[in-house]
Amino acid sequence: MTEVMPAAVLEECYRRMQRVRRFEEKVIELHSRGKIPGAVHISIGQEGTVAGACLALAGDDYITGTHRSHAHPIGKGAALGPLMAELMGKRTGVCRGKGGSMHLADFGVGSLGETAIVGSALPVAAGAGLSAKLRSSSQVCLAFFGDGASNTGAFHEALNLAGIWKLPVVYLSENNLYALTTPTRRAVAVKDIATRASAYGMPGTIVDGQDAGAVYRAVVGAVARAREGRGPSLIEAKTYRYREHAELGGLALRYRSDEEIAEWRRRDPIEIVRARMVELADGAERCEEIERQVILEVDEAVRFAEQSEYPGASELWDNLYSTSGVGH
Amino acid sequence: MLVDILLPQWGMGMQEGTIVRWYRAVGDRVAEGDALCEVETAKATDDLGAPEGGVIAELLVEEGATVPVGEVLGRITVD
Amino acid sequence: MPREISYLEAIHEAMREEMLRDERVFVMGEDIRSQLWSEYGLADEVGEGRVLETPISEAGFVGAAVGAAMTGMRPIVDMTIASLMYCAMDQFVSQAAKARYLCGGQTSVPVVFRAGMMYGGSSASQHSDRPYPMFMCVPGIKVIVPATPYDAKGMLKAAIRDDDPVVCLEDVTAWSSKGHVPEDDYVVPLGLADVKREGTDVTIVSVAGALGPTIRAADGLANDGISAEVIDVRSLVPMDYQAIVSSVRKTRRLVVADPAHATCSAASEIAASVAEEAFAELLAPVVRVTMPDVQVPFSPALEKLMLLTPERIGEAVRHVLDWAPQKARS
């Protein structure tokens with residue numbers, strides 16, 4: 001459904017998807033070389049869902065996210081350098097090295113924070129929507145979450161609150177069919193997560209997550225509904241991650257068949273947008289130009305991150321509290 | 001160009017691993033992903049693959065040794 | 001004649017005045033428009049939009065409060081009963097306490113959580129917890145335990161104006177107590193203890209609702225010529241260690257009265273800190289008077305055995321006054 005995207009949006013969509021893809025490829029390489037500590041969870045394969053959704057949001061709309069975090073602030077327009085520096089734990093990181101991969105946040109683009117505890121941000125997203133409503137603002141909050149999160153208590157409480165108070169929140173599930181190694185068919189009591197919407201008085205929509213245009217169209221509709229004061233929506237994007245749950249240094253957990261992975265790769269979200277781009281005048285050239293620019297951007301982000309310093313010991317206590325004078 | 005063979009973290013909480021046995025030796029040519037050694041950790045025992053293709057330049061850890069995550073186990077000369 | 005109002009009336013006034021002063025302040029909680037809780041009547045003045053009744057969804061509305069606080073509002077959440085906070089522990093810890101640090105200071109979380117610690121009234125164990133120790137050990141969240149109407153109003157106002165998340169735990173044994181509360185606007189800054197009674201022979205640090213029995217114990221001790229200095233700690237995080245240590249330098253002996261369970265109580269933290277900072281000043285070990293490490297039983301005959309009494313506190317004071325190394329070793 002990329003035809004629903006105006007040409008300018010389509011091009012920006014291609015750019016953001018390429019940013020996610022190249023950024024993530026670089027993260028995989030750097031993590032395997034020990035340059036990025038801790039766990040990283042890669043979004044390759046899910047670019048269509050994230051970019052399509054973010055492009056349906058305004059600059060001052062909010063997003064919240066998950067441990068599979070990098071794509072979300074990138075999709076919302078965050079600069080790559082501070083994100084990469086944060087992954088490396090540098091003081092120039094967007095969170096000053098305090099959060100790392102699973103807690104990226106860029107308040108300048110409305111990214112309120114990725115969170116590592118599954119489901120934990122869903123009530124927070126309701127709160128951002130509540131805040132917008134109390135301030136009579138037209139802002140909306142889009143909450144990214146996975147399939148596993150839809151089974152947590154926090155999910156049900158948050159959606160019920162959003163439903164009773166008609167909060168301007170779009171709950172968007174990136175259903176990639178697995179929560180770590182557990183397939184959704186063994187964890188979710190209903191066939192589609194979207195059916196849970198009716199339990200909370202909101203519309204539930206299923207979209208093809210590999211088609212950025214389809215996701216864009218669904219989120220545009222949900223955002224309009226929210227801004228009109230008609231309340232929240234639940235959107236389930238059927239998508240897939242090509243990589244493991246987390247980068248595990250090659251450890252093979254063997255719970256997905258090669259055939260399944262290959263089948264999903266045949267509908268690569270970037271290829272779907274590119275196919276639409278090349279139909280436009282100069283489309284192929286624009287694609288190549290974007291790819292060149294993105295590679296330079298990512299390389300520059302890595303350079304910036306590698307050349308940045310780690311935080312000093314004196315920064316350990318920074319930002320624990322807003323007001324000073326606390327503690328022994 | 002030399003590339004390090006690092007002991008990766010196969011899951012949250014993994015702190016170290018034991019090199020059970022080396023499958024390859026210094027001087028061997030390997031392709032990216034070829035099994036280099038068997039590693040035993042608290043949670044799993046599995047093969048560690050070559051990070052890139054090339055010739056094994058050195059192996060720094062003996063069979064039976066337990067080393068922390070991130071340790072350089074050896075190096076490969078990349079073509 | 002200075003006016004006297006109850007602790008709960010003081011809490012109501014604090015919320016009312018702050019909501020009238022700053023339109024970003026709003027209240028959320030279960031049944032708070034009813035006469036059951038201290039928000040009763042607020043909706044008439046500030047509108048129902050700012051006095052939100054929630055369903056039984058602690059994780060939901062605690063997290064929502066954090067999200068609202070991160071995006072420009074200043075919520076007060078009435079948890080009603082302290083034991084219910086456990087239903088939202090992940091939101092308290094992973095979100096409220098940690099959000100600011102995790103994002104490197106890009107936002108602050110100006111939210112106040114209030115809850116009543118109910119015990120002594122046959123509520124049984126699930127409803128009778130005093131959970132401040134569980135929050136004291138989570139960096140990033142502030143914890144206050146005002147014990148008088150004056151402190152309750154002033155500290156709740158300070159908490160609402162504070163840009164950090166604050167848990168205000170209100171000992172219900174103090175809820176109906178009355179005291180002098182000025183009518184004009186005043187704030188009691190967080191992080192300051194208060195000498196409720198000056199003395200020279202022993203320092204008794206009182207936590208939360210231990211204040212009542214501690215003052216009565218001090219009265220009884222005075223009849224026997226023992227001068228006890230009573231410090232109401234008022235604020236657990238940040239805690240005014242300086243005031244406690246200054247007092248111990250004067251009296252050389254310390255008893256801590258704390259209605260939490262003994263293990264990992266606020267009293268434990270105070271005792272360890274004073275031992276580290278002022279060991280040379282002490283003439284006797286620090287003694288804690290707490291609730292024993294058993295659940296609060298339902299039967300009044302058993303529950304009353306748990307409670308802090310002037311007798312137990314007085315006994316602890318006599319113990320530290322009589323203490324001598326030779327006696328301890330025999």
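If I take every Cα pair under 8 Å that is 6 or more residues apart in segment C:182-330, average their sequence separation and divide by the length, what percent do I get for the relative contact order? That works out to 26 percent. Most simply put, segment C:194-329 has about 20% antiparallel DSSP beta bridges, counting only bridges with both residues inside it.
Between the alpha-carbon centers of segment A:1-36 and segment A:94-147, tell me the distance in whole angstrom. Between the Cα centres of segment A:1-36 and segment A:94-147 lies a distance of 21 Å.
Would you work out the charge dipole size for segment C:194-329 about its Cα centre, treating the Cβ of every Lys and Arg as +1 and the Cβ of every Asp and Glu as -1, and quote it to the nearest 20 debye? It would help to have the intermediate numbers written out before the result.
Details: 14 positive and 18 negative charges, 51 e Å.
Charge dipole of segment C:194-329: 240 debye, to the nearest 20.
In summary, the lysines within cross-link reach of A:Lys166, defined as a Cα separation below 16 angstrom excluding same-chain residues under 8 places away, comprise A:Lys133. Working note: Karplus 6.51/-1.76/1.60 with θ = phi - 60° gives segment A:33-49 the couplings 8, x, 7, 10, x, x, 9, 10, 10, 9, 9, 4, x, 10, 4, x, 5 Hz, where Gly and Pro are set to x.
Here the average projected area of the convex hull drawn through the C-alpha atoms of segment C:61-117 stands at 3.5 nm².
For helix C:7-21, report the angle its Cα long axis makes with the longest principal axis of the Cα atoms of chain C; keep it between 0 and 90° and round to the nearest 10°. For C:7-21 against chain C, the angle is about 40 degrees.
Relative to the 2.2 N^0.38 Å rule of thumb, chain A has a C-alpha radius of gyration ratio of 0.97. Taken along the Cα-to-beta-carbon direction at a fixed 7 Å, the label points for C:Glu48 and A:Thr195 span 3.5 nm. Taking amide H positions as modeled 1.01 Å from N, with prolines and chain starts lacking one, the residues under 5 Å from C:Val166 and 5 or more places away or on another chain are C:Val111, C:Val112, C:Phe113, C:Lys142. For segment C:178-232 versus segment C:31-53, the inter-centroid distance based on Cα atoms is 33 Å.
Below 8 Å between Cα atoms, with a sequence gap of 6+, how large is the relative contact order for segment B:2-77 in percent? Computed over segment B:2-77, the figure is 43 percent.
Its residues counted as N, segment A:227-328 yields a C-alpha radius of gyration over 2.2 N^0.38 Å of 1.78. For chain A, modelled as a GNM whose springs connect Cα atoms under 10 angstrom apart, the maximal fluctuation among A:Asp208, A:Asp318, A:Asp106 occurs at A:Asp318. Quick one: Debye curve from the C-alpha atoms of chain C, no solvent, what's log10 I(q)/I(0) at q = 0.15, 0.16 Å⁻¹? Evaluating at q = 0.15, 0.16 Å⁻¹ gives log10 I(q)/I(0) of -1.23, -1.36. Taking a straight Cα-Cα cut-off under 20 Å and skipping sequence neighbours fewer than 8 places away in the same chain, the aspartates and glutamates within cross-link reach of C:Lys98 are A:Glu86, A:Asp106, A:Glu114, A:Glu315, A:Asp318, C:Glu58, C:Asp90, C:Asp162, C:Asp163, C:Asp164. Taking a sphere under 14 Å around the Cβ of C:Met15 and counting the other residues whose Cβ falls inside, with K and R at +1 and D and E at -1, yields a net charge of -2.
Computed over segment A:1-103, the alpha-carbon pair-distance distribution with 10 angstrom bins reads 16, 48, 28, 8, 0, each value a whole percent. Computed over segment C:194-329, the Cα gyration tensor eigenvalues convert (square root of 5λ each) into semi-axes of 22, 17, 15 Å, ordered from largest to smallest.
For the pair A:Ser322 and B:Asp28, label points projected 7 Å from Cα toward Cβ lie 6.0 nm apart.
Its Kirkwood hydrodynamic radius, worked out from the mean inverse distance over all distinct Cα pairs, puts segment A:91-201 at 15.0 Å.
The spacing between segment C:112-126 and segment C:273-330, judged by their C-alpha centroids, is 23 Å. Database remark: amide H of C:Ser177 closer than 5 angstrom to the amide H of C:Tyr7 (H placed geometrically; neighbours at sequence offset of 5 or more, or on other chains; Pro and chain starts carry no H).
Percent antiparallel among DSSP beta bridges with both residues in the protein assembly as shown, to the nearest 5?
Roughly 40 percent of the beta bridges in the protein assembly as shown run antiparallel, per DSSP.
Positive contributions from Lys and Arg (+1) and negative ones from Asp and Glu (-1), summed over other residues with Cβ under 11 Å from the Cβ of A:Glu174, come out at 0. Taking θ as phi - 60° and the Karplus parameters 6.51, -1.76 and 1.60, the scalar couplings of segment A:155-163 work out to 4, 5, 5, 5, 5, 5, 4, 4, x Hz in sequence order, x denoting glycine and proline. Phi angles of segment C:261-267 translate, via the Karplus equation with coefficients 6.51, -1.76, 1.60 and θ = phi - 60°, into HN-Hα couplings of 5, 4, 5, 6, 6, 4, 4 Hz per residue; Gly and Pro are given as x.
Remark on A:Glu236: its backbone amide H falls under 5 Å from those of A:Ser173, A:Thr205, A:Ile206, A:Val207, a criterion applied only to residues 5 or more positions apart or on other chains, H modelled at 1.01 Å from N. Normalised by residue count, segment A:58-154 yields a Cα convex hull volume of 89 Å³ per residue. Quick one: among C:Ser265, C:Ser34, C:Ser247, which has the greatest mean-square fluctuation in a GNM of chain C with alpha-carbon springs under 10 angstrom? Among C:Ser265, C:Ser34, C:Ser247, the largest mean-square fluctuation in the Gaussian network model of chain C belongs to C:Ser34.
Our Cα-only numbers for segment A:114-153 put the radius of gyration and Dmax at 11.4, 33 Å.
Over the alpha-carbon set of the protein assembly as shown, divide Rg by the Kirkwood Rh and report the Rg/Rh ratio to two decimals. Write out the running numbers ahead of the final one.
On the way: Rg = 29.6 Å, Rh = 28.5 Å.
The Rg/Rh ratio comes out at 1.04.
Taking 25 °C and 0.890 mPa s as conditions, segment B:2-77 diffuses translationally at an estimated 202 µm²/s according to Stokes-Einstein applied to its Kirkwood radius (Cα pairs).
How large is the translational diffusion coefficient of segment C:4-180 in µm² per second when you combine the Kirkwood radius over alpha carbon pairs with Stokes-Einstein at 25 °C and 0.890 mPa s? Value of D from the Cα-based Kirkwood radius: 153 µm²/s.
FYI, it's all coordinate maths here, none of it is from the lab. Given the structure is predicted, the values throughout are model-derived calculations rather than measurements. Note that we place each Cβ from the backbone using ideal geometry, even for glycine, and neighbour counts take in every protein chain shown.
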